[in-house]
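Some notes on the structure that comes next.
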């Protein structure tokens, strides 16, 4: 049994060593990582590892991402606080919770009902009220609420889906792992009018993005 004070100290060490220590400089992102209790999004049997430097299983063959990667993807969006953003691949809800500290409104979409329901319960328990969880095929984005200032994809895609690029507002950014099922490169795509520029950030390994514009089951 780990008490709340110990979780808080583990979280501070996580921020200092794993996140700031690896070059994340956005103070708003660092504060979000300090304030969101990652252990609340981790299954009870893995809770003692909640602030470890790596991903953890959350059921249904899915994972909660490594804390550094969550922070890096958030920083790459360059949010100021008044934006509307989309997360594809809700999973545990942790990335959405971090984004809730950085944007005005977060929409997050998950294809697995069991994960979507659990994430929604966790977010509600933490009284995070600016995240809306949706069930559906996230590879198509979420056109109903577009355009978005930022889109972050928490699963690896064979390519950047055109639907997501089209749902960015001018100046917006898409952060997405692209490559093979077994490994990807984290890419940032930025919209400039009708054009898009993209850059490779680093090598990553995410679970596959499954859906119409992603991988098949």
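Quick note: the coordinates plus some simple rules give every number you see, no bench work behind them. Since the model is a prediction, treat every value here as computed from it, not as a measurement. All Cβ positions, glycine included, derive from the backbone under ideal geometry; neighbour counts span all protein chains shown.
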TODO: Note the angle between two axes, namely the Cα long axis of helix 67-77 and the longest principal axis of the Cα atoms of the chain, as a number of degrees from 0 to 90, rounded to the nearest 10.
DONE: 40 degrees
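For the pair residue 82 and residue 127, what calculated FRET efficiency results from E = 1/(1 + (r/R0)^6), where r is the Cβ-Cβ distance and R0 = 22 Å, to the nearest 0.05?
Numbers: r = 21 Å, r/R0 = 0.95.
So the FRET efficiency works out to roughly 0.60.
Round to the nearest 0.05 the FRET efficiency obtained for residue 203 and residue 17 when R0 = 30 Å and r is the Cβ-Cβ distance.
On the way: r = 21 Å, r/R0 = 0.70.
Working from the Cβ atoms, E equals 0.90.
From the gyration tensor of the Cα coordinates in the range 64-112, what semi-axes in whole Å does the equivalent ellipsoid have, largest first, with each one equal to sqrt(5λ)?
Working: eigenvalues 55, 37, 12 Å².
Values for the range 64-112, descending: 17, 14, 8 Å.
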Task: Ranked list, fewest to most other Cβ atoms within 10 Å of each Cβ, for 73, 14 - done: 14, 73
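What is the packing order of peptides 78-90, 59-71, 187-199, taking the mean over residues of other C-beta atoms within 10 Å and listing the highest first?
Details: 78-90: 21.1, 59-71: 19.4, 187-199: 13.8.
Those peptides, ordered most packed to least, come out 78-90, 59-71, 187-199.
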Task: Extension reserve of the residue 49-residue 182 stretch, reckoned as 0.36 nm per residue once the Cα distance is removed - done: 45.5 nm
- [ ] Tell me what the chain gives for mean residue ellipticity at 222 nm when only DSSP H runs of n ≥ 4 count, each as -39,500 (n - 2.57), the sum divided by the residue total, rounded to 500 deg cm²/dmol.
- [x] -7000 deg cm²/dmol
